[in-house]
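The structure appears right after this line, and notes come after that.
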């Protein structure tokens, strides 16, 4: 477990650009040391803006896109291509613009004739994760895992007081009755979210400030799921000033 490191940026645009630069650098470093890199993507406004910032940066060419594995921490269980899906946002912002290896883009199953059952879809993604882990045994599945935070403190599709919070055996779970539409989702569980070398929270907006404060002040993970995820080596909270507005004065490292 790592102690959270908090960095506060001026606004969402600066946050997205800075996070994009950090992520490019981290991927390049991982590829230089291990020959490959593995990143878990997140959806939402700021997560998608980070991917768009990577696409717009000349530094993106430093990444060997053919040696990058991409995963998702959660997904809306709707048909492939639906705009509600997190991978649809990632495709439009970045993946359609870089030479990724499609076999290394690990999309969560969509709701279709093959995966009509969310539990079976979750089990299939869990099997894919297990197969990947078997090829590279070690303490960490991922180099970097990106997470957004909801105003209620949820991360991925793990919502406050939801039964999915208590899953400890499965690596991926079907979530039913989500308080946000669509009601059925797939999500990595706490043990999987905590299996990255580094966890980066990307949080923008004053409406998230209460959840940020509670998570960083040590709230229980059942009430504030964001409090329950840390990286094995680093936990980084990348905030804009509005998201950090309820933190005590001097909390975190301000950036331009």
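The values are calculated or read from the model by the stated rules, or taken from the named source; none is laboratory data. Since we're looking at a predicted model, the values are computed, not measured. Here Cβ is always computed from backbone atoms with ideal geometry, including for glycine, and neighbour counts include all displayed protein chains.
Only one of these is surrounded by fewer than 13 Cβ atoms within 10 Å (Cβ to Cβ) and in contact with a strand residue (DSSP E or B) (Cβ under 9 Å, 6 or more places away or on another chain): 113, 117, 136, 143. Name it.
Unique residue meeting the criteria: 136.
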Subset of the range 129-149 that is assigned to a loop (DSSP other than H, G, I, E, B) and in contact with a helix residue (DSSP H, G or I) (Cβ under 7 Å, 6 or more places away or on another chain) - its residue that is modelled with the lowest pLDDT:
141
Take the residues in the range 190-202 that are in contact with a helix residue (DSSP H, G or I) (Cβ under 8 Å, 6 or more places away or on another chain) and part of a strand (DSSP E or B); name whichever of them is farthest from residue 79 (Cα to Cα).
198
From 126, 227, 219, grab the single residue that is farther than 23 Å from residue 26 by Cα, at pLDDT 95 or above and out of contact with any strand residue (DSSP E or B) (no Cβ under 6 Å at 6 or more places or on another chain).
227
Residue 142 fails exactly one of (1) without any contact (Cβ under 8 Å) to a residue 60 or more places away in the chain; (2) within 14 Å of the chain's Cα centre (by Cα), namely (1)
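Which of the residues that make up the range 70-110 are part of a helix (DSSP H, G or I), more than 22 Å from residue 49 (Cβ to Cβ) and in contact (Cβ under 8 Å) with a residue 12 or more places away in the chain? It would help to see each step written out before you state the result.
Step one: list which residues in the range 70-110 are part of a helix (DSSP H, G or I), which gives 86-93, 95-97, 102-104.
Those left that are additionally more than 22 Å from residue 49 (Cβ to Cβ): 102-104.
Correct list: 104 only.
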Here's a check for you: in the range 37-69, which residue that is in a loop (DSSP other than H, G, I, E, B) and at pLDDT 95 or above is farthest from residue 239 (Cα to Cα)?
64
From the list 220, 205, exactly one residue is surrounded by fewer than 24 Cβ atoms within 10 Å (Cβ to Cβ), farther than 23 Å from residue 13 by Cβ and touching a helix residue (DSSP H, G or I) at 6+ places or on another chain (Cβ under 8 Å). Which is it?
220
Result of the Cβ filter at 6 Å on the range 111-132, keeping first residues that are over 23 Å from residue 69 (Cβ atoms) and partners that are part of a loop (DSSP other than H, G, I, E, B), at least 6 apart or interchain, is 111/77; 111/78; 111/79; 112/79; 118/77; 118/184
Got at least one residue in the range 244-254 being farther than 16 Å from residue 47 by Cα, modelled with pLDDT under 95 and outside any loop (DSSP other than H, G, I, E, B)?
yes
What's the total number of residues in the range 68-105 that are touching a helix residue (DSSP H, G or I) at 6+ places or on another chain (Cβ under 7 Å) and surrounded by fewer than 17 Cβ atoms within 10 Å (Cβ to Cβ)?
6
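Check whether at least one residue in the range 179-189 is in a loop (DSSP other than H, G, I, E, B), in contact with a helix residue (DSSP H, G or I) (Cβ under 6 Å, 6 or more places away or on another chain), in contact (Cβ under 8 Å) with a residue 60 or more places away in the chain and farther than 24 Å from residue 20 by Cα, and report yes or no. Walk me through it before giving the result.
Within the range 179-189, the subset in a loop (DSSP other than H, G, I, E, B) is 179-184, 189.
Then drop every residue that is not in contact with a helix residue (DSSP H, G or I) (Cβ under 6 Å, 6 or more places away or on another chain), which leaves 184.
Okay, now just the ones that are also in contact (Cβ under 8 Å) with a residue 60 or more places away in the chain, so 184.
This time we only want the ones that are farther than 24 Å from residue 20 by Cα, so: 184.
Scanning the range 179-189 turns up at least one residue that is in a loop (DSSP other than H, G, I, E, B), in contact with a helix residue (DSSP H, G or I) (Cβ under 6 Å, 6 or more places away or on another chain), in contact (Cβ under 8 Å) with a residue 60 or more places away in the chain and farther than 24 Å from residue 20 by Cα.
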Pairs, first at positive phi in the range 203-217, second assigned to a loop (DSSP other than H, G, I, E, B), C-beta under 8 Å, six or more apart:
205/242; 205/243
Flagged pairs (Cβ under 7 angstrom, 6 or more apart or on separate chains; first in the range 32-59, at positive phi; second assigned to a loop (DSSP other than H, G, I, E, B)) are 44/148
Tell me, yes or no, whether the range 156-175 has at least one residue that is over 22 Å from residue 88 (Cβ atoms), surrounded by fewer than 16 Cβ atoms within 10 Å (Cβ to Cβ) and under 15 Å from the mean Cα position of the chain (by Cα).
no
